[in-house]
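**Student:** Let me give you the structure first, and then I'll get to my questions.
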Amino acid sequence: MKRIMSTMLALLAAVSMTACIGVNKPENNPENTADPTSGAVSTEAASSDSPAGSEEATEQPSASTGIADYCLSLSNNEPVMVDIDFDGVEDRVLFKQEPVSEWDYDYTLIVNLSGDEANEIKYDVKNVYDGFAWIVDCDTDDSRLDILISSVEGSDDWESAACKLNDERTDFNTVTDWVSIYISTDEPFSTENGFCATRQSDVLGTRNLRTNMTVTNEGFMELTPYYYDNSSDIYSPLTLLRDMTVFIVGDNGVTDEEFIIKEGETITPICTDLNSYLDLSLADGRTGRIAIECHNTDDDWGIYLDGVKQDDYAEIHYAD
Ligand SMILES: [Ca+2]
Ligand SMILES: [Ca+2]
């Protein structure tokens, strides 16, 4: 099941991200990039050794400040010129794809500062099934652009990296997380709301949960809870094997009103922070909240709902 789900996710990602490529590029989506009044300078989208060297000039971040909502999709093996460190000089950015087997590729992010071939900084992603990259501006005050890389491994696990030049401009400061990133015309990046990402979770079964994230110096950071997608028929409500007590969530947040969901009734997960709470849809349309704890050590692995193992509440379906 895990392989099927992940493959479906990969295909979905490929479709949505392909849609992004060529749409989120500045020349086609000017409203998603630079503010022409902000002092931005023009960019040549590709260097002379690129087959895509005919890209039109566009605007990019100024030397002093970032630009909210800046997002550029990187196409494999097509270098772009973008000033990623805000020093006023364009830098050459390449997301290089090299096949290593019938199914797998190596990807290398290569940045030549100021376009200088001798001044090269790299980040490698080895032996993955597919990879995607974007240049965005998560924090418009740090005089750096973030380069996001999302890849899926042969094990069907997604991993993402965010690379940002260090202060010395000698290497990337890179953070990683086990999430997949989605940026498309339907779900565009914005500095305020970040980017859409999914993470695999075992809370009430192995599911890919969606959130909005941004990147800080500490790592990937959620901006919203993780939401379940219950639109597919393969995710039916869970039938309780024992009573479950929840707190009703009102318009202003969780209340102190307790509600007991009886054995034999069903629950449908809505969202969770994967740390402290899980919200459920009740049969009467209201929302109930229950505390969760996720234990991940070798001798104590399990997910507890209000102190009870989730497997005691319902038949839970996990990936292999
Ligand atoms: Ca630069
Ligand atoms: Ca920034």
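**Student:** Just one of the numbered conditions (1) in contact (Cβ under 8 Å) with a residue 40 or more places away in the chain; (2) in contact with a Ser or Thr (Cβ under 9 Å, 6 or more places away or on another chain) is not true of Asn193; which one?
**Tutor:** Asn193 satisfies all of (1) in contact (Cβ under 8 Å) with a residue 40 or more places away in the chain; (2) in contact with a Ser or Thr (Cβ under 9 Å, 6 or more places away or on another chain) except (1).
**Student:** Another question, if that's okay. Where in segment 219-275 are there strands (runs of 3 or more DSSP E), lying wholly inside it, with at least 1 residues that are at negative phi and not assigned by TED's automatic domain parsing to the domain that holds Gly194?
**Tutor:** On the way: elements: 219-222, 244-250, 253-261, 266-272.
Hits in segment 219-275: 244-250, 253-261, 266-272.
**Student:** Taking the conditions exactly as written (in contact (Cβ under 8 Å) with a residue 24 or more places away in the chain and assigned to a strand (DSSP E or B)), does Gly302 satisfy them or not? It would help to see each step written out before you state the result.
**Tutor:** Working: in contact (Cβ under 8 Å) with a residue 24 or more places away in the chain: no; assigned to a strand (DSSP E or B): yes.
So Gly302 does not fit the description; no.
**Student:** Looking only at residues in segment 145-168 that are modelled with pLDDT under 95 and crowded, with 16+ Cβ neighbours inside 10 Å, which one is farthest from ligand 2 (Cβ to nearest atom)?
**Tutor:** Asp156
The values are calculated or read from the model by the stated rules, or taken from the named source; none is laboratory data. Just so it is clear, the model here is predicted, and its values are computed rather than measured. Because the Cβ atoms are built from the backbone with ideal geometry, glycine has one as well, and the counts that use them run over all protein chains shown.
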